[in-house]
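Here the structure is laid out as structure tokens; the discussion comes afterwards.
The values are calculated or read from the model by the stated rules, or taken from the named source; none is laboratory data. Quantities reported herein were computed from a predicted structural model and do not represent experimental measurements. Please note: Cβ atoms are built from the backbone with ideal geometry, for glycine as well, and neighbour counts cover all protein chains shown. The protein model used for the area step is the full one, side chains on, heavy atoms only, and it has no ligands, DNA or RNA in it. Shrake-Rupley method; radii C 1.70, N 1.55, O 1.52, S 1.80 Å.
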Amino acid sequence: MGTVSQEAIWELKALMDRVDEPLKRTFENIHQSYLTETLVRFLKAREGNVTKAHRMLLDCLNWRIQNEIDSILAKPIIPFDLYRSIRDSQLIGLSGYSREGLPVFSIGAGLSTFDKASVDYYVQSHIQINEYRDRVILPTAAKKHGKPITTCLKILDMTGLKISALGQIKLLTIISSIDDLNYPEKTSTYFIANAPYIFSVCWKVVKPLLQERTRRKIRVLNGSGRQELLEIIDEASLPHFIKRGGSGSGSSRHPGQGNENCFSLDHPFHQELYNYIKEQSLIREPIELIKQDSFHAIAPDTHS
């Protein structure tokens with residue numbers, strides 16, 4: 001548990017035991033029966049300060065209620081063509097698991113264009129993947145391995161990165177703020193793969209937007225980093241752009257890559273995620289299906 005003391009955990013737990021409904025219900029959706037690990041995450045995010053961690057947790061719970069996050073997995077993005085366009089321009093997928101059982105999420109940072117839908121839709125998609133990870137992927141991994149698994153690894157492929165990517169800084173800032181304040185300490189390490197020379201320029205702009213605790217987790221690999229990643233991830237769980245030796249992430253529309261390309265809508269992860277949201281929407285009827293531009297997640301206050 002790092003620098004977090006047992007006393008701090010007990011103190012924060014006592015404070016959270018006092019919260020009323022509906023804060024208690026949404027808190028249960030956060031911790032998924034891994035209460036201690038969740039308290040530790042928020043304490044680490046506030047350097048062990050119980051008062052600040054408590055305030056952060058309360059702000060997170062209120063943000064979830066205000067934005068109806070608990071029901072976001074019952075709100076599919078429609079029509080289907082819009083969802084496909086989002087998947088083609090917001091490249092992310094689950095390639096497998098580390099040898100310790102941590103989910104390995106891969107992100108095509110260099111080739112993601114974020115130009116097929118409104119900012120709100122990309123934010124909605126990002127939050128849905130976060131929630132599916134926390135409510136389905138991580139609990140399933142924990143049950144399989146018989147131990148708490150509450151974090152993941154992320155591999156960011158910088159293939160195709162251009163200076164024009166900085167034009168998406170507003171969206172990236174919103175997503176970064178949401179993760180920092182509402183999903184703290186969910187990623188153990190960020191691996192940067194296939195970084196071109198332009199990466200250093202972009203990094204100078206993006207770095208100040210990240211929390212210091214996030215920056216400490218970033219590890220820039222040598223090229224594709226295949227050998228380094230094989231130390232912690234089996235060959236089968238390496239993303240396609242590492243298996244191919246960094247020849248490029250590609251688009252999820254590329255034929256013949258459905259099962260291999262973890263960004264593809266045809267990949268099992270995205271098929272399961274899409275079907276899960278569709279099923280939840282039917283279970284929770286009569287929830288009105290999302291219409292274009294109707295979802296808006298309020299960006300958290302980064303100074304709170």
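General observations
- Qualifying residue in the range 111-131 (condition: closer than 22 Å to Ser224 by Cα and small (Gly, Ala, Ser)): yes
- Restricting Lys207, Lys154, Lys162 to those that are at pLDDT 90 or above, surrounded by fewer than 16 Cβ atoms within 10 Å (Cβ to Cβ) and of a type outside the set (Gly, Ala, Ser) reduces the list to Lys162.
- Among the residues of the range 43-81, the ones that are open to solvent by 20 Å² or more (accessible area, probe 1.4 Å), in a helix (DSSP H, G or I) and polar (S, T, N, Q) come to 3 in all.
- Of everything listed in (1) touching a strand residue (DSSP E or B) at 6+ places or on another chain (Cβ under 6 Å); (2) closer than 21 Å to Val123 by Cβ; (3) open to solvent by 30 Å² or more (accessible area, probe 1.4 Å), the single unmet condition for Ile137 is (3).
- The strands (runs of 3 or more DSSP E) falling completely within the range 86-180 that include 1 or more residues that are in contact with a Gly (Cβ under 6 Å, 6 or more places away or on another chain) and β-branched (Val, Ile, Thr) map to 103-107.
- Some residue of the range 93-108 being open to solvent by less than 10 Å² (accessible area, probe 1.4 Å), in contact with a Pro (Cβ under 6 Å, 6 or more places away or on another chain) and farther than 24 Å from Arg18 by Cβ: yes
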